[in-house]
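Note sheet for the following structure.
The values are calculated or read from the model by the stated rules, or taken from the named source; none is laboratory data. Just so we're clear, the structure is a prediction, and the values are computed from it rather than from any experiment. Every residue, glycine among them, receives a Cβ derived from its backbone with ideal geometry; neighbour counts consider all protein chains shown.
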Amino acid sequence: MLWFVLRRLAAGVVLIVAIAVLAFFLLYATGGDVGRRILGPTASADTVAQKNTQLGLDKPALSQFADWASGAVRGDFGRSWFTGQSVSDAVTGRLAVTLSLVIGATVLTAVVAVVLGVLAARRGGWVDTAVQFLSVLGFAVPGFLVAILLVLVFAINLDLVDPTGYTRFADSPSGWLSSILLPVIALSIASIVGVAQQVRGSMLDTLRLDYVRTLRSRGLSERRVVYGHVLRNAAGPALSILGVQFVGLLGGAVLVEQIFAIPGIGQTAVSATVGGDVPLVLGVVIATAVLVVLLNLAVDLLQGWLNPKVRRA
Amino acid sequence: MTTTAAPTDLPAVRTLERTARVSLVRRVLRSPVGAVSLVFLLLVVLAAVFAPLLAPQDPDFASARDVLAPPGGDHLLGTDGSGRDILSRLLYASRLSLSGAATAVGVAAAIGITAGLLAGYYGRWSESVASSVSSVFMALPAIVVLLAARTVLGPSPYTTMIVLGVLVSPAFYRVVSAAVAGVRQELYVDAARVSGLSDGRIIARHILTVVRAPAIILAAGMAGIAITLQAGLDFLGLGDPQRPSWGGMLSDAFAAIYREPLTLLWPSLAIGLTCIALVLLGSAVRDALERSGRPRRRRRRDAAPPAASLAESVVVHDEPTGARAEELLHVRDLAVGYDQPDGSTTEVVHGVELSVHRGEIHGLIGESGSGKTQTAFAVMRLLAAGGRIVRGSIEFEGADLATLSEKEMTRLRGRRIAYVPQEPMSNLDPVFTVGHQLTEPMRVALGLSRTAARTRALDLLARVGIPDPQRTFAAYPHQISGGMAQRVLIAGAVSCGPDLLIADEPTTALDVTVQAEVLDLLRDLQRESSMGVLLVTHNFGVVADLCDRVSVMRAGRIVETGPTRAVFATPRHEYTRSLFDAVLEDTAPRGPLVPTTQGAQA
């Protein structure tokens, strides 16, 4: 088991390094005259050159990368070109907000998708049809449209929650909950239907298997068979899809944060993109990749717990 | 001969392919969902193409007098916060969305299909390269990559969509390379190659035909993603501000959400409906494919002679004199049917009569598909989905199992009626230990404590001849052999002391040496507790070895029944005799049997 974890961890590190290298060279190689962009068109050529030297941009690309990488392994991802703030501070300060959205959405997805998927698989009939219909809608309609609709209905028309803004958990737990409720729902719709479809499909597949009949023949109740055995066997594929959906949730958070004015990493990404703040964009890219790798590791561990065969793989 | 045959053959194949293409479009159009979504998408395309003709105004003309004008009058859909005509902007914006989506899909298709064709057709050397590339692409949300690209490449919508196309191209690659690898094995591609066609022409003619439909489904999904992402970027203000876009309009309207929420509706509808239409089109194509790919099921069974024509009397051998033990199970006129999608019911067992007495092993023999397993499942009320008892009764200790509630059946199963399946490995839950699967029923059905159940399970494992019970108890199913698994299943079946054991070909999946041991075990267990056993088998050797009584089944009915000795000594039904002949002629007992329609008439 330890060996399994270590191997997955190593693969994750390789992935992060690959992304860092790719992103660094793509971003820095195509950056153009950065000093001019930062200082504006009125600055003299001298000050622009000075700025470029100050940022280390006059060095060859490989040596720039060596500087950046040697800092990165120590947790120093450079400073924002515009504000001079440390990239790691800027990113980690906002990561907690995004994580509360994304983790909230993951939990909501897992719970609702299992309920819907099991219902559709077990009841069949109109329940199944309804779940299938909602799935098409939820899959097709972009999350930010759902988010706008939720703002319109619940925050503006019904005035139930504050339309925008974010309250920290430490300041007011109930305020925090009410500030992330709509964003989390908007974010989750697409992943809920994706995972529910998978739960439904693998439940139906598992219910057809021989051992389910044998379990029933042993006098186990339907409830025990379905929730104790079938669901656990069906959970593996659903968990893999949940892992894929997590990446989508991180992406969706960029838009949802904008709509609900939530100061998360997505807002940082958008403002850094508009300004062309390459160190900050790179920091966001790497933070996202690290999150995805960690999540995949968690999914692998859960898979190992769910299925003994995976543990030895 | 072969050289002349090939050219005359090929046009025929091509015609076939063309008709397949035509009928796919027709099938998609025939489904209401497919037709509606296709027509809607066509309208969007037309609106985009003819936007300059259709738009009532210049999309960028801002009228200070008409800021946020309501729908109607000069402005059919009203105006936005800058006084621009919403309908005109919507029409022009559809050009950007569609051309952007087309760019992304085109780039993804060009890269993915080319790479997929090459890799799938020429070999799998590129498989690992492609999977590493796609794992890098998949590790980041597309929008984060697009933001990074936008940082350095600027706000051009087409650059963004080209990057997106590259990002999603592995999906095309995977579908195409898998389809091609499948087609490569097909005989007609071999035939084409033998007949001297170049690889390029084979790819063009045969393989592209196969991947066409999956590619359409994929392209529809991707176009939806592209439109969504592009609208998202425009909404964030990262698009080209000079051009009207659906996302940009949404952003303008969102800024005016308190003043005029209605303006949100139009761009939302444009984005939402287009995406829904794309998804529905994709699923309509998939449905059309599945419908054509599915063989016409049940035809063969429908064509089988109706039940009445096979009606015949059962040959019943005389019982030997002397008292028999009490009767445990009496099946009367049992018919089992499966509900069909069209509402009809296909009967697979037609009026079976059968009884099992305590302490007696009753063999139910017949070839595959004769309905013996269905009869056994019906007794336990464990028929597959859609199956049900159409008529008849199953008496077990005074109760009719055919009419008991599911709850009452659950109480009987395991404790009173137990089951040993055919295929040992697929009948153990792979994610639980053997010990858990043995103890759970005992704790549920007998109310044993965890430790008591564990002790009993270990005793049982030892009883069924497992050399190291402790180790097997802790093992997962994939860690034990098939013979051991069957012993575990037998231990599980007898764990709650059942009166009736239903064994469905319990030795068929085992090695010959293990078969004899398992049969001995079954006989010993049966004698110890004087269970009644219903043994389903196709093997006369097993019947002769084990059974007190035998019923021969064919085509859903019992044709001959009686004490094993009597049936073996003087088989009277033609079919029974033919079964014996099949064994005596030294062919495999499972070999194809000639249907004895003559015997039925005799």
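B:SER23 meets all of the listed conditions (1) modelled with pLDDT under 85; (2) under 36 Å from the mean Cα position of the chain (by Cα); (3) closer than 30 Å to B:PHE254 by Cα but one, namely (3). Once the stretch B:470-488 is narrowed to residues that are more than 13 Å from every other protein chain (Cβ to nearest Cβ) and touching a residue at least 12 places away in the same chain (Cβ under 8 Å), the residue that is nearest to the chain's Cα centre (by Cα) is B:GLY482.
Within this structure, B:ALA325 fails the test of being of a type in the set (A, V, I, L, M, F, W, C), at pLDDT 85 or above and either surrounded by fewer than 17 Cβ atoms within 10 Å (Cβ to Cβ) or assigned to a strand (DSSP E or B) (or both). For the stretch A:204-219, the candidate set comprises residues that are closer than 10 Å to A:VAL230 by Cβ and surrounded by 24 or more Cβ atoms within 10 Å (Cβ to Cβ); within that set, the residue that is nearest to the other protein chains (Cβ to nearest Cβ) is A:TYR211. Here B:THR433 fits the description: within 13 Å of another protein chain (Cβ to nearest Cβ), among the β-branched types (Val, Ile, Thr) and surrounded by fewer than 20 Cβ atoms within 10 Å (Cβ to Cβ). Among residues of the stretch A:164-183 being within 21 Å of A:GLY251 (Cα to Cα) and in contact (Cβ under 8 Å) with a residue 24 or more places away in the chain, the one that is nearest to the other protein chains (Cβ to nearest Cβ) is A:THR164.
If I filter the stretch B:467-475 for residues that are in contact with a strand residue (DSSP E or B) (Cβ under 7 Å, 6 or more places away or on another chain), among the acidic types (Asp, Glu) and modelled with pLDDT of 90 or more, do I get at least one hit? Looking for residues that are in contact with a strand residue (DSSP E or B) (Cβ under 7 Å, 6 or more places away or on another chain), among the acidic types (Asp, Glu) and modelled with pLDDT of 90 or more, one finds none in the stretch B:467-475, hence no. Does at least one position in the stretch A:121-132 carry a residue that is in contact with a Pro (Cβ under 8 Å, 6 or more places away or on another chain), more than 12 Å from chain B (Cβ to nearest Cβ), of a type outside the set (Asp, Glu) and touching a residue at least 40 places away in the same chain (Cβ under 8 Å)? Checking the stretch A:121-132: not a single residue is in contact with a Pro (Cβ under 8 Å, 6 or more places away or on another chain), more than 12 Å from chain B (Cβ to nearest Cβ), of a type outside the set (Asp, Glu) and touching a residue at least 40 places away in the same chain (Cβ under 8 Å).
Here is a check on your reading of the model: is A:ASP128 at pLDDT 85 or above, over 21 Å from the mean Cα position of the chain (by Cα) and among the acidic types (Asp, Glu)? The answer is yes for A:ASP128. Here B:VAL379 fits the description: in a helix (DSSP H, G or I), assigned by TED's automatic domain parsing to the domain that holds B:GLY556 and surrounded by 15 or more Cβ atoms within 10 Å (Cβ to Cβ).
Would you check if A:ARG223 is out of contact with any Leu (no Cβ under 9 Å at 6 or more places or on another chain), free of Cβ contacts under 8 Å to residues at least 12 places away in the same chain and more than 7 Å from chain B (Cβ to nearest Cβ)? Yes; evaluated as a whole, the condition is true for this residue. Say we look at the stretch B:154-179 and pick out the residues that are surrounded by fewer than 23 Cβ atoms within 10 Å (Cβ to Cβ) and among the β-branched types (Val, Ile, Thr); which of these is farthest from B:SER131 (Cα to Cα)? Among residues in the stretch B:154-179 that are surrounded by fewer than 23 Cβ atoms within 10 Å (Cβ to Cβ) and among the β-branched types (Val, Ile, Thr), the one farthest from B:SER131 (Cα to Cα) is B:THR159. When B:SER368, B:SER393, B:SER449 are checked against the criterion of being among the small types (Gly, Ala, Ser), farther than 17 Å from B:ALA335 by Cβ and in the same structural domain as B:LEU510 (by TED's automatic domain parsing), B:SER368 stands alone in meeting it. When the stretch A:1-53 is filtered for residues that are free of Cβ contacts under 8 Å to residues at least 24 places away in the same chain, more than 14 Å from chain B (Cβ to nearest Cβ) and surrounded by 12 or more Cβ atoms within 10 Å (Cβ to Cβ), the ones remaining, listed by number, are A:ARG7, A:GLY35, A:ARG36, A:LEU39, A:ALA43, A:THR47, A:VAL48, A:ALA49, A:GLN50, A:LYS51, A:ASN52, A:THR53.
If I filter the stretch A:147-161 for residues that are over 30 Å from B:ARG259 (Cα atoms), of a type in the set (A, V, I, L, M, F, W, C) and more than 13 Å from every other protein chain (Cβ to nearest Cβ), do I get at least one hit? Looking through the stretch A:147-161, none of the residues is over 30 Å from B:ARG259 (Cα atoms), of a type in the set (A, V, I, L, M, F, W, C) and more than 13 Å from every other protein chain (Cβ to nearest Cβ). Taking the criterion of being out of contact with any Phe, Trp or Tyr (no Cβ under 9 Å at 6 or more places or on another chain) and not hydrophobic (A, V, I, L, M, F, W, C), the residues of the stretch A:234-256 that qualify are A:GLY236, A:PRO237, A:SER240, A:GLY243, A:GLN245, A:GLY248, A:GLY251.
The residues of the stretch B:436-462 that are without any contact (Cβ under 8 Å) to a residue 40 or more places away in the chain and not aliphatic (A, V, I, L, M), listed by number, are B:HIS436, B:THR439, B:GLU440, B:ARG443, B:GLY447, B:SER449, B:ARG450, B:THR451, B:ARG454, B:THR455, B:ARG456, B:ASP459. Looking across the stretch B:493-551, the residues that are surrounded by fewer than 19 Cβ atoms within 10 Å (Cβ to Cβ) and within 14 Å of another protein chain (Cβ to nearest Cβ) come down to B:GLY497, B:THR508.
Restricting attention to the stretch B:384-430 and to residues that are of a type in the set (Ser, Thr, Tyr) and either within 13 Å of chain A (Cβ to nearest Cβ) or touching a residue at least 12 places away in the same chain (Cβ under 8 Å) (or both), the residue that is nearest to B:GLY351 (Cα to Cα) turns out to be B:SER393. Scanning the stretch B:252-271 for residues that are within 11 Å of another protein chain (Cβ to nearest Cβ) and buried (at least 22 other Cβ atoms within 10 Å of the Cβ) yields B:ALA253, B:PRO267, B:SER268, B:ALA270, B:ILE271. If I ask for residues that are farther than 30 Å from B:PRO441 by Cβ and of a type in the set (Phe, Trp, Tyr), which ones from the stretch A:223-252 would you list? Passing the criteria: only A:PHE246. For the stretch B:222-229, the condition of being buried (at least 18 other Cβ atoms within 10 Å of the Cβ), touching a Pro at 6+ places or on another chain (Cβ under 7 Å) and more than 30 Å from B:VAL183 (Cα to Cα) holds for at least one residue. The residues of the stretch A:260-304 that are buried (at least 20 other Cβ atoms within 10 Å of the Cβ), facing chain B (nearest Cβ under 8 Å) and over 17 Å from the mean Cα position of the chain (by Cα), listed by number, are A:ALA272, A:THR273, A:GLY276, A:ASP277, A:VAL278. Only one of the numbered conditions (1) within 21 Å of B:ARG577 (Cα to Cα); (2) at pLDDT 90 or above; (3) polar (S, T, N, Q) is violated by B:SER370, and that is (2).
Looking at B:LEU147, is it within 30 Å of the chain's Cα centre (by Cα) and over 25 Å from A:SER240 (Cβ atoms)?
Numbers: within 30 Å of the chain's Cα centre (by Cα): no; over 25 Å from A:SER240 (Cβ atoms): yes.
No; evaluated as a whole, the condition is false for this residue.
Taken as a whole, the structure places B:ARG243 among residues that are among the charged types (D, E, K, R), in contact (Cβ under 8 Å) with a residue 12 or more places away in the chain and outside any helix (DSSP H, G or I). Within the stretch B:437-452, the set of residues being assigned to a helix (DSSP H, G or I), over 20 Å from B:ALA475 (Cβ atoms) and within 12 Å of another protein chain (Cβ to nearest Cβ) comprises B:VAL444, B:ALA445, B:LEU446.
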